[in-house]
1. From the phi of every residue in segment 216-223, what ³J(HN,Hα) in whole Hz does the Karplus formula 6.51 cos²θ - 1.76 cosθ + 1.60 yield, where θ is phi - 60° and glycine or proline is x?
2. Please list, by residue number, every one of the GluC sites (Glu not before Pro) in segment 151-189 that is coil in DSSP and has at most 15 other beta-carbon atoms within 10 Å.
Amino acid sequence: MRSHTVAYIGKRKAIMDFPQEFIRFVKNASRVVALTGAGVSQESGLRTFRDAQDGLWTKYKPEDLASPESFARDPKLVWDWYAWRREAVKGVRPNPGHYALVEMEKQIPEFTLITQNVDGLHRFAGSRNIYELHGNIQKVRCSECGTYAETWGDDTESVPVCQSCGGLLRPDVVWFGESLPRAELEAAVTASRACQVFMSIGTSGVVQPAASLAHAARNNGSVVVEINAEPTPLTPKVDFAFHGRSGEILPELVEAVWGN
Ligand code: APR
């Protein structure tokens, strides 16, 4: 299948003519999977992980903050960074890209949203069939017994502890070196293998095992689409690539497929 790119120049759409072949695939599909990454939340004002100009990681080294070792070494530093990120997320709202995915879920019989994002914005926008592969930053659990905490002290001097066992609380996210939640990952793989159209949206496609889902779909005959601000290692392997802002492309796609 030919690859097709849409170019955006600033806010002005250079071209916006989805190939009719692509429109037909999406319109006729009953099983669609969308895998999203930090790029989908970028237009809500949340930073991505690897965009050099403003990537979250430019301020910190991942291994210094998002790993069991970093938490063991300096639990307060890690707790404070996630507390800062929870506050940052509270201040942002879903963008048109999130709402376009909500509309797709309404239009498509079996629509599965798999996200690497921990910001909770998909659920906030109204998506329901979601697998949060890397957890959710708004949830907090005990690092010892795993009990989830609904509330915790706002003592700024120390990391809050579990009411059940006294263990240190931690964010309910997957850290580097940790395995993904098994049930979510298995469901994500099953959906990716069974779908007719797989959309990789706003992700650099470099972190495993999420990055392998597109290949699982392709190996089972799915039409694979990339919607991303820039080419990624996945681009040469997709059937259609639309490079631009997901907050602009996704609503245009919904309009093109289901608009009146
Ligand atoms: N629209 C579409 N794509 C965008 C936009 C946008 N407005 N802004 C940025 N992008 C693209 C970037 O070009 C980049 O390719 O989104 C992608 C974001 O990639 P990363 O920053 O690597 O984020 P992600 O792919 O989600 O990272 C995966 O790595 O660090 C871990 O656990 C973390 O979940 C994260 C995982």
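Read-outs throughout are calculated quantities, based only on the coordinates presented, and are distinct from any laboratory measurement. Computed from a predicted model, the values in this text were never measured in an experiment. Because the Cβ atoms are built from the backbone with ideal geometry, glycine has one as well, and the counts that use them run over all protein chains shown.
1. 4, 5, 4, 5, 9, x, 6, 7
2. Glu157, Glu178
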